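Read the structure below first, then the notes.
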Amino acid sequence: MSAAFAGKTGISAGSRARTIGHATAVAPRTAAPRTHLRLTRRGRMAFTTLAAVPLVLGSIAVAVNGGVAAAEGTASVGAAAFEYVTVDAGQSLWELAESIAPKQDPRDVIADIVNLNQLASEAVQPGQRLALPAGY
């Protein structure tokens, strides 16, 4: 009966109403008790992903910058200055090998030049610039 009476008098349904005799007394609304945060499985996944993204990006940044720092530290140890030669018209690698290392086997010198310059074959073009191995 109190709900019907409360509805007719305009008292909100959320208020606590009790009937005393023929009059209705309305108790003041108290604050709702605090509840714990409940996350669904999807919410936990989103929260975990948002927490993990900065950690992953930070790890990638450290890995990339750490590799650069390591490479800079060893640059002076393994660095070698090469002497360069420009191939003339009609000149072959055999002639070039005989001119730079006359006492060495030309086949070994040619193999070193091909490996150092990462040539696909032993054919060279006029005007091509080749690095010479340091031992010759």
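No lab work stands behind these numbers, since they all come straight from the coordinates. What you are looking at is a predicted structure, and each value in this text was computed from that prediction instead of being measured. All Cβ positions, even for glycine, are placed from backbone atoms using ideal geometry, and neighbour counts span all protein chains on display.
Please compute the modelled spin-label separation between Arg42 and Ala111, points set 7 Å along Cα→Cβ, answer in nm with one decimal. In this crude label model, Ala111 to Arg42 measures out at 6.7 nm. The string of couplings for the stretch 82-98 from the Karplus curve (6.51, -1.76, 1.60, θ = phi - 60°) is 9, 9, 10, 10, 9, 6, 8, 5, x, 8, 10, 5, 4, 5, 5, 5, 5 Hz, one whole number per residue in order, with x for Gly and Pro. Using 0.36 nm per residue and subtracting the Cα-Cα separation, the extra length available between Ser92 and Ala123 on full extension is 10.4 nm. Sequence-ordered 3J(HN,Hα) estimates for the stretch 101-112 from the Karplus curve with 6.51, -1.76 and 1.60 and θ = phi - 60° stand at 9, x, 8, 9, 5, x, 5, 5, 5, 4, 4, 5 Hz, glycine and proline given as x. With a Förster radius of 41 Å applied to the C-beta separation of Ala131 and Val62, the computed FRET efficiency comes to 0.70. Taking amide H as placed 1.01 Å from N in the peptide plane, the amide H of Gln128 sits under 5 Å from that of Val87, each at least 5 places away or on another chain.
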